[in-house]
1. Would you tally the residues in region 166-207 being touching a Leu at 6+ places or on another chain (Cβ under 9 Å) and open to solvent by 30 Å² or more (accessible area, probe 1.4 Å)?
2. Modelled with pLDDT under 95, more than 15 Å from the ligand (Cβ to nearest atom) and outside any loop (DSSP other than H, G, I, E, B), is that true of residue 175?
3. Among the numbered criteria (1) within 25 Å of residue 52 (Cβ to Cβ); (2) within 15 Å of the ligand (Cβ to nearest atom), which single criterion is violated by residue 157?
4. Cβ contacts < 6 Å: first residue free of Cβ contacts under 8 Å to residues at least 40 places away in the same chain, restricted to region 150-173; second residue of a type in the set (A, V, I, L, M), any location; separation 6+ or different chain. Result?
5. Show the residue pairs that are 6+ apart or on different chains and have beta-carbon atoms under 8 Å apart, the first residue being within region 28-47 and free of Cβ contacts under 8 Å to residues at least 24 places away in the same chain, the second being in a loop (DSSP other than H, G, I, E, B).
6. Free of Cβ contacts under 8 Å to residues at least 60 places away in the same chain and assigned to a loop (DSSP other than H, G, I, E, B), is that true of residue 188?
7. Just to verify a result, which residue in region 123-154, among those that are more than 11 Å from the ligand (Cβ to nearest atom) and under 19 Å from residue 74 (Cα atoms), is nearest to the chain's Cα centre (by Cα)?
8. On the given criteria, is residue 45 at pLDDT below 95 and either open to solvent by less than 20 Å² (accessible area, probe 1.4 Å) or small (Gly, Ala, Ser) (or both)?
Amino acid sequence: MKKDIRYYTDQNREAWNEAMPKHQAASKERLDQLFSKPGYIYQEDENLLQVLKRIDVQGKDIIHLCCNNGIELLSLKNMGANHCVGIDICDEAIEEAQERAKKCGIDCEFIRSDVYDISEELYNSFDIVQLTAGCIGWIPDLNEFFRIISHLLRVNGFVLIHEIHPFSEMLPFDNNYIENRLQIIEPYFRDEAIVENGSLDYVGGTDYVAKTQYWFVHTISSLIMALIKNGIRIEHFSEHSKDISAGHKKQEELDAQIPLSYILVGKKE
Ligand SMILES: C[S@@+](CC[C@H](N)C(=O)[O-])C[C@H]1O[C@@H](n2cnc3c(N)ncnc32)[C@H](O)[C@@H]1O
């Protein structure tokens, strides 16, 4: 039986608070060093860089939802964005982001909040809402999520999504993958959350039995319908064989050339 949205997001908060110290042990010092170089940009994905160039972040007010430790937002600030706000439910991730922004003198604001509880004071304040790798899967109710995103945007503002393709939810993860074979082992359509206790340490690679997490497979059609219902017109949509989930790296090279990620830009009308 489905539970209230907050049940899922509270549990996921606990799981992320447990995971972040493991990420930090593996990467915090290195990230501090990288961002201490003035103008440093942590973004190597060519497909995304091209789209960022096209929508031009210079002077734009940007909010990044599910920003984790904030490195993508710090990079947008270093690319010339104006007011930058990062939102994440995880206490540990936001503390790390705030610390690094201060230490490296990069003017970004980081707020610990569930995306469903974002203050209405932030409504109508942004030119770009950004969502990146591994955000949408944590979101129990996509319609309500895009209703809030639409409110955050000014008219003619953009939502920029760089996400894991839901097609990849049907594939085995790399640790169960049989070399050079395309296998569909999971359904595409799911009404219920996937309940997991798997390691969230895709940074340090430690294996542990994690606190229970709830992951939601949202199909491409449910994403498009959530945009339509909330007055966001699609301006760009591209699918890519590049894995951005850290779970299907080996399958990038398959001859079958499967869609593992996508980029969508929508404009608020
Ligand atoms: C995989 S990370 C996002 C990653 C980011 N693109 C990166 O590569 O660091 C997912 C993030 O979503 C956050 N998150 C999950 N549910 C959330 C919610 N309801 N509200 C805000 N943040 C949430 C988690 O705390 C976590 O930091």
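The values are calculated or read from the model by the stated rules, or taken from the named source; none is laboratory data. What you see is a predicted model; the values in this text were computed from it and never measured. Because the Cβ atoms are built from the backbone with ideal geometry, glycine has one as well, and the counts that use them run over all protein chains shown. In case anyone asks, the SASA skips ligands and DNA or RNA and just uses the protein heavy atoms, side chains included. Shrake-Rupley method; radii C 1.70, N 1.55, O 1.52, S 1.80 Å.
1. Going through region 166-207 one residue at a time, the tally reaches 8.
2. Taking the combined requirement at face value, the residue satisfies it.
3. The single condition residue 157 does not satisfy is (2).
4. Short answer, once both residue conditions are applied: 170/184; 172/185.
5. Hits for this filter: 34/40; 34/42.
6. Spelling it out, residue 188 is indeed free of Cβ contacts under 8 Å to residues at least 60 places away in the same chain and assigned to a loop (DSSP other than H, G, I, E, B).
7. 129
8. Answer is yes for this residue.
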